[in-house]
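Some notes on the structure that comes next.
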């Protein structure tokens with residue numbers, strides 16, 4: 001799934017959790033953690049592309065898959081090296097529990113990271129970036145549908161639109177109920 005959809009799904013989950021359980025999960029942090037696995041895996045490559053654009057060869061679409069880009073990044077910063085780390089439920093669990101122990105409470109916004117991984121498992125077809133959700137314990141990867149398929153993109157963003165419009169509607173109706181003044185009763189007594 002694309003990075004923006006991941007952020008929006010995590011943000012919707014935070015809003016829904018806040019409404020349902022009265023939690024205070026910040027929408028922005030949930031969105032960030034929803035996008036985190038892709039940011040972690042691909043930011044070094046995009047920074048290198050920017051460097052090429054402004055200080056080197058210029059940008060062409062072929063540069064994304066070029067040998068020059070691969071050689072410009074050290075092996076530890078290659079997307080193929082970083083992707084398994086950020087898309088592993090095992091790594092997520094270790095980091096989540098570590099943060100929980102350090103803060104003495106769970107960072108619920110970080111659950112956006114796990115949601116990202118769970119949504120990537122069925123939406124990545126065969127190829128380099130199938131989701132290694134059990135890495136480093138297992139190298140098993142599921143071949144799902146392609147998230148880039150036009151029908152899936154339409155479905156995905158339509159579902160997001162419906163969810164956000166529903167959350168907006170619920171928020172507006174809740175505010176109206178809270179703002180509505182209580183009925184005033186007259187204290188005058190009619191004497192016959």
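The values are calculated or read from the model by the stated rules, or taken from the named source; none is laboratory data. Keep in mind it's a predicted model, so treat the numbers as computed, not measured. Positions of Cβ are backbone-derived with ideal geometry, glycine not excepted, and every protein chain shown enters the neighbour counts.
One table, with the values for the structure above:
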quantity	calculated
Residue list for the stretch 96-110, restricted to those being out of contact with any helix residue (DSSP H, G or I) (no Cβ under 6 Å at 6 or more places or on another chain) and either crowded, with 17+ Cβ neighbours inside 10 Å or touching a residue at least 24 places away in the same chain (Cβ under 8 Å) (or both)	108
Which numbered condition residue 101 misses (of (1) under 18 Å from residue 38 (Cβ atoms); (2) part of a helix (DSSP H, G or I); (3) more than 18 Å from the chain's Cα centre (by Cα))	(1)
Test: residue in the stretch 40-60 that is surrounded by 14 or more Cβ atoms within 10 Å (Cβ to Cβ), modelled with pLDDT of 85 or more and in a loop (DSSP other than H, G, I, E, B)	no
Residues of the stretch 157-192 classified as modelled with pLDDT of 95 or more and in contact with a helix residue (DSSP H, G or I) (Cβ under 8 Å, 6 or more places away or on another chain), total	4
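Residues checked against (1) within 21 Å of residue 165 (Cα to Cα); (2) buried (at least 16 other Cβ atoms within 10 Å of the Cβ):
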{"site": "4", "(1), (2)": "yes, no"}
{"site": "11", "(1), (2)": "yes, yes"}
{"site": "14", "(1), (2)": "yes, yes"}
{"site": "17", "(1), (2)": "yes, yes"}
{"site": "21", "(1), (2)": "yes, no"}
{"site": "24", "(1), (2)": "yes, no"}
{"site": "30", "(1), (2)": "yes, yes"}
{"site": "34", "(1), (2)": "yes, yes"}
{"site": "37", "(1), (2)": "no, yes"}
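Yes/no matrix, rows are residues, columns are (1) in contact with a helix residue (DSSP H, G or I) (Cβ under 7 Å, 6 or more places away or on another chain); (2) in a helix (DSSP H, G or I); (3) closer than 30 Å to residue 26 by Cα:
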| position | (1), (2), (3) |
| --- | --- |
| 83 | yes, yes, yes |
| 112 | yes, yes, yes |
| 127 | no, no, no |
| 131 | yes, no, yes |
| 155 | no, yes, yes |
